[in-house]
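The values are calculated or read from the model by the stated rules, or taken from the named source; none is laboratory data. This is a predicted model, so every value here is computed, not measured. Cβ: placed from backbone, ideal geometry, glycine included. Neighbour counts: every protein chain shown.
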Amino acid sequence: MSRRLGLAFAFALASSQAFAHAHLKTASPADGATVAPPSEIILGFTEELEVKLSSIAVKSAGGETVSTAPAEAVPGDRKALKVLLKTVPPGAYTVEWAATSVDTHRVTGQYRFTVRP
Ligand SMILES: [Cu+2]
């Protein structure tokens, strides 16, 4: 392989790794959804996760944390993360997540859903 081609290959490899971050792909409840009180939040990502370095916190409009425990693995799905919730009254909730993929890159985000009366 020529030096020039080798360099191009290295760049291609670096950029494909840069795309291997865990981005949010699915959420239950979904972003913007209005739902009956959920007992858990399940998030699906584009990459496999380091669960111990990932988190989900769910807060009410008043700022109270309603997630009960650290986020945990979803059996059989290394790209998913879940957290259990207390009994949640109607209102707006914010899900704040941090996902560390197996390449150790960390991506954070948040979204909202509403619990209907
Ligand atoms: Cu990455």
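Being surrounded by 15 or more Cβ atoms within 10 Å (Cβ to Cβ), farther than 13 Å from LEU24 by Cα and not acidic (Asp, Glu) narrows it down to one residue among LYS82, LYS59; which is it? So that I can check it myself, show each step before the final result.
Numbers: LYS82 fails: farther than 13 Å from LEU24 by Cα.
On inspection, the qualifying residue turns out to be LYS59.
Output the number of the condition that ALA69 fails; it satisfies all remaining conditions of (1) under 16 Å from the mean Cα position of the chain (by Cα); (2) under 21 Å from ASP31 (Cβ atoms); (3) more than 16 Å from the ligand (Cβ to nearest atom).
(2)
Assuming PHE19 fulfils every condition listed in (1) modelled with pLDDT under 95; (2) within 15 Å of the chain's Cα centre (by Cα) apart from one, which condition is it?
Failed condition: (2).
Of the numbered conditions (1) in contact with a strand residue (DSSP E or B) (Cβ under 8 Å, 6 or more places away or on another chain); (2) of a type in the set (Asp, Glu); (3) outside any strand (DSSP E or B), ASP103 satisfies every one except a single condition; which is it?
(1)
Among the residues in region 110-117, are any in a loop (DSSP other than H, G, I, E, B), at pLDDT 95 or above and of a type outside the set (S, T, N, Q)? Reasoning before the result, please.
To start, the set of residues in region 110-117 that are in a loop (DSSP other than H, G, I, E, B) comprises 116-117.
Narrowing further to those that are at pLDDT 95 or above: 116.
Adding the requirement that they be of a type outside the set (S, T, N, Q) leaves 116.
Yes, the conditions are met somewhere in region 110-117.
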